[in-house]
2 protein chains.
Amino acid sequence: MSRRDDCIFCKIVAGDIPCIKLYEDDEALVFMDIMPLNKGHLLVIPKEHYDNILEMEPDLYGRLCSLVCRLSKAVESALGPDGMNVQQLNGAAANQVVPHLHIHLVPRWEGDGVTISQWDPVPGDNDEIKATAEAIQSEL
Amino acid sequence: MSRRDDCIFCKIVAGDIPCIKLYEDDEALVFMDIMPLNKGHLLVIPKEHYDNILEMEPDLYGRLCSLVCRLSKAVESALGPDGMNVQQLNGAAANQVVPHLHIHLVPRWEGDGVTISQWDPVPGDNDEIKATAEAIQSEL
């Protein structure tokens, strides 16, 4: 099991720091965010240390997200929110604070004032978007 | 193939509305967001219509996210951003605009001014968080 001595989430996985645990299996741990954006805000993490999505194998990333989907249904039954955000931040430029990959599931209620998924859509330049698509496609 | 006549993403899947396509397979379509938050902003959708995460089978949701992970590596190679946000919005209360499930992959650069993953963490009430965790756990 790869682990970083200076990583707070690795310490939670090891049981050296407590958490409010919801679920665990061989490769994943699910626990409550203690700085919740809303009631029911939870985190899904791999037990192994990966800084971010770029370090991860797609199948494992997919299995963690499959767990998020399963959890969303339990959150729906337990709390009956009006909506839910799934968020996964990679890198300080994307506001990732703990550099151990984690997926946020944040229940939402009408008028809750949470702004993490609020933006004004502005049309982009079509030719520039096409050129960018070609650049990404050539790396797929 | 389940499809909604009034759904813009179903029309894109059917080819009735054009898109800047990056990738497709039997169950997923990947195309560029034409109202990009940043250069390289792309969307992963299931070809079948699902309003949101609650309607989806966890394994299919996981496979779409596994594709997001694969795409993140191509975006890294092609554009070399400083970070990336993965976002998936469920319900109007979570700011979902098109009610056909979609996952945003948004490349990020230092100082780009995008605020979708910026918030001030405030400690929650521990007893309340524990009670919420038990409520969710009982539905798992």
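The values are calculated or read from the model by the stated rules, or taken from the named source; none is laboratory data. All figures in this text were calculated on a predicted structure; none of them were measured in a lab. Positions of Cβ are generated from backbone atoms using ideal geometry, with glycine treated the same way; all protein chains shown enter the neighbour counts. Protein only, heavy atoms only, side chains kept; ligands, DNA and RNA dropped before computing areas. Shrake-Rupley method; radii C 1.70, N 1.55, O 1.52, S 1.80 Å.
Points worth noting:
- Chain A: proportion of alpha-carbon pairs further apart than 28 angstrom, %: 28 percent
- For B:K39, nonlocal amide neighbours, meaning residues 5 or more places apart or on other chains whose placed amide H falls under 5 Å from its own, do not occur.
- Length released on extending from B:V122 to B:E139, taking residue separation times 0.36 nm less the Cα-Cα span: 3.4 nm
- Exposure of B:C65 as accessible area (Å², to 10), given a probe of 1.4 Å and all protein chains: 10 Å²
- For chain B: accessible area per residue (Å², 1.4 Å): 44 Å²
- Chain A, helix-only ellipticity at 222 nm - DSSP H runs n ≥ 4, -39,500 (n - 2.57), divided by all residues, nearest 500: -9500 deg cm²/dmol
- Kirkwood-based shape ratio for the protein assembly as shown, expressed as Rg/Rh from alpha carbons: 0.95
- Our note on the geometry: Cα centres of segment A:1-70 and segment B:1-64, 27 Å apart.
- When Rg and Dmax are taken over the Cα atoms of segment A:101-140, they come to 16.6, 43 Å.
- Count of lysine pairs in chain B with Cα separation under 16 Å (8 or more residues apart, or interchain): 5
- A simple count of charges around B:L60, restricted to other residues whose Cβ falls under 9 Å of its Cβ and scoring Lys, Arg +1 and Asp, Glu -1, yields -3.
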